[in-house]
1. I'd like to compare 155-163, 141-149, 28-36: which one has the highest average count of other Cβ atoms within 10 Å, and what's the full order after that?
2. For the charge dipole of the chain, defined by +1 on Lys and Arg C-beta atoms and -1 on Asp and Glu C-beta atoms about the Cα centroid, which residue among Val114, Ala16, Leu32 has the Cα displaced farthest towards the positive pole?
3. Compute the distance in nm between two label points, each set 7 Å from the Cα along the Cα-to-Cβ direction, one at Arg160 and one at Arg35.
4. Assuming 0.36 nm per residue, please report the length gained on full extension of the stretch Gln71 to Phe100 beyond their Cα-Cα distance.
5. Once phi is turned into θ = phi - 60°, what whole-Hz ³J(HN,Hα) does the Karplus curve with 6.51, -1.76 and 1.60 give for every residue of segment 114-124, x standing for Gly and Pro?
6. Nearest 10 degrees is fine. How inclined is helix 143-159 to the longest principal axis of the chain, computing both from alpha carbons?
7. Under 5 Å between amide H atoms, partner at least 5 residues away or on a different chain: which partners does Met132 have, H built in plane at 1.01 Å?
8. Counting pairs of alpha carbon atoms under 8 Å apart in space and at least six apart in sequence, what relative contact order in percent does the chain give?
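Any read-out appearing in this document is the output of simple, stated calculations on the displayed coordinates, not a laboratory observation. None of these values were measured; they are calculated from a predicted model. Cβ placement follows ideal geometry from the backbone for every residue including glycine, while neighbour counts extend to all protein chains displayed.
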Amino acid sequence: MSTVFDRVLLPLNLVANTAIFYLAARLYLLPLVPRLRPRQILIPILLLHSTRHLGMMFLTRGAIYPGLPLQFAYPAAFGDLITSIIALVAIPFVLRSSVFAKPAVWVFNVFGTVDLVVAIILATIYNAPVAMGPSYWIPAFWVPLLLVTHYVTFVLLLRRRDF
């Protein structure tokens, strides 16, 4: 049986950690956007998102409790896996300043952002947090960081012409 606390805790963690990561980006990273080459910011972001294969934990016994809704688990796990592959594929384009760099980063950023938003919505609809078990850290800590880095990437895509 779900309590009000169960339904409030994950959104609270999501909002609080997103605000903290946003503040850090605002103070330390965004001021560098005009001075650094885009790839100096994008490569660490793409490497970070390349580890999103960790979302497959939502399908792993031991990382979740029995009863995690499959309507949440499968889209979250495979959306993260696909995003990690797209991020990894974009890295060489960005490193080489290829004509495909900016389109690859756009695909990564739009797909990855939509994936996170859909996962948040599905987790809320199906009350997934109560069965996330040890993998609860993914949406409580990891997702806010990923959301903020997607935001930073959108800033780069919209402000910078050079790649």
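1. On the way: 155-163: 13.7, 141-149: 20.6, 28-36: 12.1.
Output ranking for 155-163, 141-149, 28-36: 141-149, 155-163, 28-36.
2. Leu32
3. Output for this residue pair reads 1.4 nm.
4. Working: separation 29, 0.36 × 29 = 10.44 nm, distance 3.42 nm.
7.0 nm is the gain from fully extending Gln71 to Phe100.
5. 4, 4, 5, 5, 4, 4, 5, 5, 5, 4, 6
6. 30
7. Close amide H contacts, sequence-distant or interchain: Tyr65.
8. Values: 178 pairs, mean separation 58.8, N = 163.
Across the chain, relative contact order equals 36 percent.
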